[in-house]
Amino acid sequence: MHIENEASMQLHLSNILLQLGRLNVFSPDEYFNIVLEKNLILSTPTHKSKNKNARVDIWIELMKGNHVEYAAAIELKYLKNSKTAAVTDARHSVYKDLENLEQYATVHKDLLVCEIIFSDNQNFVENKGMKFSIATGTVISSYSGDATYVAINLTKQYPPIKWDVLGKYNFLKIAPLA
């Protein structure tokens with residue numbers, strides 16, 4: 001499968017996860033479920049979801065009877081290489097997703113959350129021209145005097161950024177430390 005955008009990445013990943021999830025169903029009363037673009041209500045507005053209505057890219061749940069045994073929320077970013085200066089905008093959108101993921105985890109007890117980022121742009125990997133990096137802390141804000149990007153205060157701790165490189169493609173998984 002050739003992936004050209006975030007929607008096709010979402011569909012391809014959810015299909016892989018569905019196959020893996022079904023392998024973890026061991027009794028007749030268990031059911032593995034995936035919902036794409038699941039609607040969630042947040043407890044407080046975020047920079048991405050100002051009216052508290054949000055959608056998570058991939059929602060996974062293992063049901064036992066009518067009870068959710070395990071659930072996970074995954075946000076995806078497909079940051080395609082481009083000649084534009086949109087790299088900083090795209091990086092900021094990653095942090096908006098992380099802010100929403102933190103909210104999902106507070107609303108839904110024991111929810112596992114992570115963001116998966118795919119890019120063929122080396123500027124993301126090398127942090128060239130980036131105004132913010134999660135590796136330097138969890139308060140994301142613009143340069144002094146720059147009102148372009150609003151400050152995003154993440155409440156969880158995160159490990160330093162470590163990209164996995166596969167040929168010309170770069171993958172990053174960001175999840176709060178337990």
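The values are calculated or read from the model by the stated rules, or taken from the named source; none is laboratory data. On a predicted model such as this, the values are computed, not experimentally measured, just so you know. Here Cβ is always computed from backbone atoms with ideal geometry, including for glycine, and neighbour counts include all displayed protein chains.
Pairs are defined by a Cβ separation below 7 Å, a sequence spacing of at least 6 or placement on different chains, a first member in the stretch 1-13 that is free of Cβ contacts under 8 Å to residues at least 60 places away in the same chain, and a second member that is surrounded by fewer than 13 Cβ atoms within 10 Å (Cβ to Cβ); the pairs so defined are His12/Met1. From the list Ser27, Ser14, the one residue that fits, being closer than 30 Å to Asn121 by Cα and hydroxyl-bearing (Ser, Thr, Tyr), is Ser14.
Taking the conditions (1) touching a Pro at 6+ places or on another chain (Cβ under 6 Å); (2) more than 30 Å from Ala151 (Cα to Cα) in turn, Asn24 satisfies each one other than (1). Against the list (1) modelled with pLDDT under 95; (2) in contact with a helix residue (DSSP H, G or I) (Cβ under 7 Å, 6 or more places away or on another chain); (3) of a type in the set (A, V, I, L, M), the condition Met9 fails is (2). Of the residues Lys64, Lys52, Lys77, Lys109, the single one that is in contact with a Leu (Cβ under 6 Å, 6 or more places away or on another chain) and among the basic types (Lys, Arg) is Lys52. Condition check: out of contact with any Asp or Glu (no Cβ under 9 Å at 6 or more places or on another chain), surrounded by 14 or more Cβ atoms within 10 Å (Cβ to Cβ) and not in a strand (DSSP E or B). Does Ser93 satisfy that? In short, yes.
Pairing each residue of the stretch 30-58 that is in contact (Cβ under 8 Å) with a residue 60 or more places away in the chain and under 22 Å from Arg91 (Cα atoms) with any residue that is of a type in the set (D, E, K, R) and not in a strand (DSSP E or B), provided the two are 6+ apart or on different chains, yields C-beta distances under 8 Å for His47/Lys96; His47/Glu99.
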